[in-house]
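What follows is one structure encoded as structure tokens, with my remarks underneath.
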Amino acid sequence: MDLAQLELAVQRLRDAEAAVDAARADVEIEAVLAVRRGEAVEAVSTASGITPHDLVRLEKTAGGPDQ
């Protein structure tokens, strides 16, 4: 039985999932930095798709420059 096509599809899926995870992390970092620069939480929430509650939580739990 030749599963080469299935294995290739699975690898593409894993690569895509890794790319999505990396993009999500980038959005979270940029959103936290925007809030720390003084941007309104609501505006950052709208732009990022992160709820205000989650955005505040991320900002509080994200390490700062001294951590």
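Some values worked out for this structure:
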{"item": "GNM top mover of V32, V44, V20 - the chain, alpha-carbon springs below 10 Å", "result": "V20"}
{"item": "Of Q11, S45, A23, farthest towards positive along the dipole that unit charges on Lys, Arg, Asp, Glu beta carbons give the chain", "result": "S45"}
{"item": "Options [x] 6.3; [y] 6.6; [z] 5.9 - which one matches mean projected area of the Cα convex hull in nm² as calculated here", "result": "[x]"}
{"item": "Selection of trypsin sites (Lys or Arg not before Pro), the chain, meeting DSSP coil and at most 14 other Cβ within 10 Å", "result": "R37"}
{"item": "With every protein chain in place, the stretch 11-67: carbon and sulfur % of accessible area (1.4 Å)", "result": "56 percent"}
{"item": "Whole-number accessible area per residue in Å² for the chain, which is evaluated in the context of all protein chains at 1.4 Å", "result": "78 Å²"}
{"item": "Cβ charges +1 (Lys, Arg) and -1 (Asp, Glu), total dipole of the chain, debye", "result": "200 debye"}
{"item": "Gain in span if fully extended, Q5 to A43, counting 0.36 nm per residue against the direct Cα distance", "result": "9.2 nm"}
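The values are calculated or read from the model by the stated rules, or taken from the named source; none is laboratory data. Since the structure is predicted, the reported quantities are computational estimates derived from the model, not experimental observations. All Cβ positions, glycine included, derive from the backbone under ideal geometry; neighbour counts span all protein chains shown. Accessible surface areas use protein heavy atoms only, side chains included; no ligands, DNA or RNA. Shrake-Rupley method; radii C 1.70, N 1.55, O 1.52, S 1.80 Å.
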